[in-house]
Amino acid sequence: MTFRALPSVDRLIRAVRSDRADMPHEPVREAALAVLNEARTSISAGHPPPDLSTPVAAVQARPHTDMTLSLRPLINATGAPGSSSKPTSVGRR
């Protein structure tokens, strides 16, 4: 077993983001951790360790729905008016 042949999480993240800088950090980190765990399991089963390009490709192949920022519509239900120059009694007794 040669786990030392695997890249560090930081090195894998840097390699992925050098190709795809548009990917947000946290999903890339989670994908990198999952890929490295899969590689450790594979090595434990007796398979040779992958070279760096294999984990990088595996992280990039993860579903991109998790790796894109999304904006969702929302309703401001705080009770405060959006723009008013008059004082209100919201929150007062």
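Can you compute 3J(HN,Hα) from phi for each residue in the range 30-40, using the Karplus curve 6.51 cos²θ - 1.76 cosθ + 1.60 with θ = phi - 60°, rounded to whole Hz and x for Gly and Pro?
Taking θ as phi minus 60°, the curve returns 4, 5, 5, 4, 5, 5, 5, 5, 4, 5, 4 Hz for the range 30-40.
Which length gain, in nm to one decimal place, applies between Asn76 and Asp10 when the Cα-Cα distance is subtracted from 0.36 nm times their residue separation?
The Asn76-Asp10 span can extend by a further 19.9 nm.
What ³J(HN,Hα) values, in whole Hz, does the Karplus curve 6.51 cos²θ - 1.76 cosθ + 1.60 give for the range 71-78 when θ = phi - 60°, with x put for Gly and Pro?
Values, residue by residue: 10, 10, x, 9, 10, 7, 10, 7 Hz.
Each value in this text was obtained by applying a stated rule to the coordinates, not by laboratory testing. Note that the coordinates shown come from a computational prediction; the quantities given were computed from them, not determined experimentally.
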